1. Counting only Cα, what are the radius of gyration and maximum Cα-Cα distance Dmax of region 1-87, in Å?
2. For ARG96 paired with LYS118, estimate the spin-label separation in nm (one decimal), with each label point 7 Å from Cα along the Cα-to-Cβ line.
3. When the helices in the chain are scored as -39500 (n - 2.57) per DSSP H run of 4 or longer and the sum is shared across all residues, what 222 nm value do you end up with, to the nearest 500 deg cm²/dmol?
4. Describe numerically, in nm with one decimal, the distance between label points set 7 Å from Cα along Cα→Cβ at GLU203 and at ALA66.
5. Which net charge results when you count Lys and Arg as +1 and Asp and Glu as -1 among the other residues whose beta-carbon is under 14 Å from that of LEU161?
6. Hey, how much of the P(r) for region 38-122 falls beyond 15 Å, as a percent of Cα pairs?
7. Using θ = phi - 60° and the Karplus relation 6.51 cos²θ - 1.76 cosθ + 1.60, list the HN-Hα couplings for region 84-101 in order, rounded to whole Hz, with x at every Gly or Pro.
8. How many nm is it between the label spots at GLU160 and ALA220, if each spot is 7 Å from the Cα in line with the beta carbon?
Amino acid sequence: MKIEGCVALVTGANRGLGEAFASALLAAGAAKVYAGARRPDSVRIAGVQPVKLDITNVDDIETAAAHCNDVTLLINNAAIAASGGFLGAEGAATTRAAFETNFYGTLEMCRGFAPVLKRNGGGAIVNMLSVLSWINRPTIAAYCASKSAAWSLTNGVRNELRVQGTLVVGVHAAFIDTDMAKGFQAPKSRPEEVVAQALRAIEAGAEEVLADERTRTVKAGLSFEQSPYLAVPV
């Protein structure tokens, strides 16, 4: 599908990668960009239409699907970071919180907007995933698990929506230079670089984006024994 002339909804569009997506879509000629955020007044991009949207709230999603009924491109960007391992005192609570947003929130967005996309000719969904879809670190174990589940969700939704002509793109990246990654000392991609790759994938009909060398290395290592790819620094 073409970005020019599309009608897009970006979740978590009030900062970071979501803000970069919304700005790039406008610059690429999108006819309309809905900017979803828990607080619509926090959206700072001129030219978008702010939408109240907490992806953990099914009522918000249903209202957004009814209001944004012309959407042809859904960008599932909203996510939360979750630090800590599984076995600590807060391990279970942290994991539930990560899954509530990063997995179930994305699932409900796909469920809510699949009929909208079908009515509008198929369109596309982009799910923001991570290099951590494929590895796990004790310091961010819950987040890693939620992104692994979101990767599986993306693959499953793609299979279900293929019949209605909806492209489903999974975008994997290592650290991106946003507030979510500010506590990590590691090479980081610019949000604009990741967004540009995602938009090119949509127009090319590609189903997966590996946004940086670290992500490509880890994905390639999935065919090896565990030790080679687990040793790759992220």
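Read-outs: derived from the displayed coordinates by stated rules, not from any lab. Small disclaimer: the values here were computed from a predicted structure and weren't measured. All Cβ positions, even for glycine, are placed from backbone atoms using ideal geometry, and neighbour counts span all protein chains on display.
1. According to the Cα coordinates of region 1-87, Rg and Dmax are 13.4, 48 Å.
2. Between ARG96 and LYS118, the label points sit 3.3 nm apart.
3. Helix contribution divided over all residues of the chain: -12000 deg cm²/dmol.
4. 3.7 nm
5. +3
6. 63 percent
7. Once θ is set to phi - 60°, the couplings for region 84-101 become x, x, 6, 9, x, 4, 9, x, 5, 5, 5, 5, 4, 5, 4, 5, 4, 8 Hz.
8. Placing both labels 7 Å along Cα→Cβ, they lie 3.5 nm apart.
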